[in-house]
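This report concerns only the one structure given below.
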Amino acid sequence: MILSPVGYRLELTVKFSQPDPLDRIRQLSMERDHMPIALARLLAGTALCLSLFCLSSLGSLQAAASGADIIFPQVARGTQGSYIESAIVILNPQPDPVTIDLDSFGVDLPETTIVVKAGETKEIRFSGSEFQAGWVRLRSDRSVSATANILTREDATSENLLSQLTVLGQPLSSKFVVPVFFHASHIDDTGIALAIPTSGRLRLTLLDELGETVAVRNLSVSAGGSDPVADITGHFAAFLSEIFSLPPEFTRGSLTIEQVLPEKLPVGFSAVAIYTSGAGWHTSPTLALDLPGTYSLALREAPDPDQVAKDLAMQYGVFIDGILVRPGVFAVTMSEEVARAVSRDPRVLLVERAENAGTRWRFEFQGGMEDWSVGFSDLPADFDPSGYELHFEHTNLPVYLGSEKAILMQGHNRSDDLFMFAKRRIDGLKPNTTYNIRFDVEIATAASRDAVGAGGAPGESVWLKAGASLTEPEVVIDAKGRLVINIDKGNQSPGGEQAVVLGNIAKRSSVFSKRFELKTLDNLAQPFSIKTDESGSVWLLIGTDSGFEGKTILYYNRISVIFYEQ
């Protein structure tokens, strides 16, 4: 049994939602060869949901920097088709007694505080005829181990056990990857359950076994249930075939679940997968990706805090975004695992999450261009419009990528050097102040990886650039009679003084296909800074520099820009 390190704070939460007694529950149970109703209801999205902060497989608590955040997706009691009861068993491995405070919602607790003696095991049982669902939270300043099981019987008096389920728990993260199957040789369907503690938006991307995008679904989240138009109120549970309209040929692949809003939140939600095969079913762990997030790093008093921060960045491989509040307190981009390591460094006073650090602008183009304008440069002034096929518009993404809007840009690179860009003025920054800028740009691209094209690859030879300038980026005619941009953005693969390269537009898959897929690029590896003038304004620039002598079509779905004061 895995135990969390001594000294971390334990926060165990299990959450439920009140079920709707729908006929679909029994129908799903029958369709899946009498699969236990508790599971069918979970996957149908009508019952037992995920918690906001919860537990691990077989109940062993996994510790995070500020406590344990692990999930048991199901706990319930009472009669709902069948009789269900649940139990959480807590073991204290410490040499001293541990006091655990309990809180709940929707389910009655036998007590609100328990004391578990050294080496003792205690059980919290949820039983009774009235169906209840809610969440239960356990808090302790010492590590313990806990196990949750859900038992299903025909009725409250029956000794015949229909099922016993120990659900694999997961930590909270900002991205999960799940292997999925549908009508495969050994698995009928895949159930997905999500717990989301923060209002915002999730994106579910289904890929086939070759890595091609099959479908995308966006889910808006209202964690407190106050948003009547939200898709989810803190949890989501459904079969793969209910989440997407699957093509007939799909049998296996992967599902990527990522938090889009709020962005840069390292522990935003949790996920679990359940596979069904005839009358059998089992849980499976999902892969939580420890993605970089924004943290506040406070240093102990030192003669030169800037140098200490640089030394830490070099040692731990983190990105210093800028100064927060005062000298010696920095905004840092790093993963949660690295944050835990940095927090133990003797030069560091405190590390904590700083989701709202920096001055942020986020553009999603759902209502229009949002004051962005488009231009084209690096081509002859007397170019043939029919040959270059230059075009932009505010439009929908391809239907299989969801219902979002985007800016479409296209052009045929007859000049072997076409630059297609968007620009926007940003106001309200501090005058005469140097800022580090963090760019995150999401595009939809159809350029296959490792493809061959005239002059260069259609993916790897088209570079996405981002930057900022005090001068408005404008297209002018140079001495050679060419249309060029009036700032230094570099030429093709290199960046320039006023723009850096975020990466190329190639898709993940090398399979030739005209289908678009979403791709996010950032400048974590390419720091960029600018000093504002007396007006406190700058011009943003996002664009592609092409060495591919063919036609490129891109959708700009999201642009996020954060200014960190240097």
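At a glance:
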{"item": "Within the stretch 449-475, tally of residues that are within 24 Å of the chain's Cα centre (by Cα) and either of a type in the set (Ser, Thr, Tyr) or assigned to a strand (DSSP E or B) (or both)", "result": "3"}
{"item": "Scan of the stretch 139-161 for residues that are more than 23 Å from LYS122 (Cβ to Cβ) and touching an Asp or Glu at 6+ places or on another chain (Cβ under 7 Å), ordered by number", "result": "ASN160"}
{"item": "Residues being outside any helix (DSSP H, G or I) and among the aromatic types (Phe, Trp, Tyr) - total across the stretch 316-325", "result": "1"}
{"item": "Residue ranges of strands (runs of 3 or more DSSP E) in the stretch 224-296 with at least 3 members at pLDDT 80 or above and of a type in the set (A, V, I, L, M)", "result": "252-261"}
{"item": "Contacts under 8 angstrom Cβ, first residue in the stretch 469-492 being assigned by TED's automatic domain parsing to the domain that holds ASN436, partner in a strand (DSSP E or B) and of a type in the set (S, T, N, Q), 6 or more apart", "result": "VAL475/SER377; LEU483/SER377; VAL484/SER377; ILE485/SER377; ILE487/SER469; GLN492/SER546"}
{"item": "Flag for GLU370 being part of a loop (DSSP other than H, G, I, E, B) and charged (D, E, K, R)", "result": "yes"}
{"item": "Residues located in the stretch 493-530, provided they are touching a residue at least 24 places away in the same chain (Cβ under 8 Å) and of a type in the set (Gly, Ala, Ser)", "result": "SER493, GLY495, GLY496, ALA499, GLY503, ALA506, SER509, SER510, SER513, SER529"}
{"item": "Boolean, ALA156 is assigned to a strand (DSSP E or B), touching a residue at least 24 places away in the same chain (Cβ under 8 Å), in contact with a strand residue (DSSP E or B) (Cβ under 8 Å, 6 or more places away or on another chain) and not basic (Lys, Arg)", "result": "no"}
{"item": "Residue match in the stretch 108-127 (condition: outside the structural domain of VAL342 (by TED's automatic domain parsing), closer than 25 Å to ARG153 by Cα, touching a Leu at 6+ places or on another chain (Cβ under 7 Å) and modelled with pLDDT under 85)", "result": "yes"}
{"item": "Condition met for GLY322 (buried (at least 20 other Cβ atoms within 10 Å of the Cβ) and either on the phi < 0 side of the Ramachandran plot or at pLDDT below 90 (or both))", "result": "yes"}
{"item": "Pick from the stretch 370-389, criterion modelled with pLDDT under 95 and either among the aliphatic types (A, V, I, L, M) or touching a Pro at 6+ places or on another chain (Cβ under 6 Å) (or both), ranking: nearest to SER415 (Cα to Cα)", "result": "LEU379"}
{"item": "Residues within the stretch 477-514 that are touching a Phe, Trp or Tyr at 6+ places or on another chain (Cβ under 9 Å), closer than 17 Å to GLU460 by Cβ, crowded, with 20+ Cβ neighbours inside 10 Å and small (Gly, Ala, Ser), tallied", "result": "1"}
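The rows are residues; the columns are (1) more than 30 Å from the chain's Cα centre (by Cα); (2) not in a strand (DSSP E or B).
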residue: PRO303; (1), (2): yes, yes
residue: GLN307; (1), (2): yes, yes
residue: ALA313; (1), (2): no, yes
residue: PRO327; (1), (2): yes, yes
residue: ALA331; (1), (2): no, no
residue: VAL338; (1), (2): no, yes
residue: PRO346; (1), (2): yes, yes
residue: PHE376; (1), (2): yes, no
residue: ASP382; (1), (2): yes, yes
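The values are calculated or read from the model by the stated rules, or taken from the named source; none is laboratory data. These numbers were taken from a predicted model, which means no experiment stands behind them. Methodologically, a virtual Cβ is constructed for each residue, glycine included, from the backbone with ideal geometry; neighbour enumeration extends over all protein chains shown.
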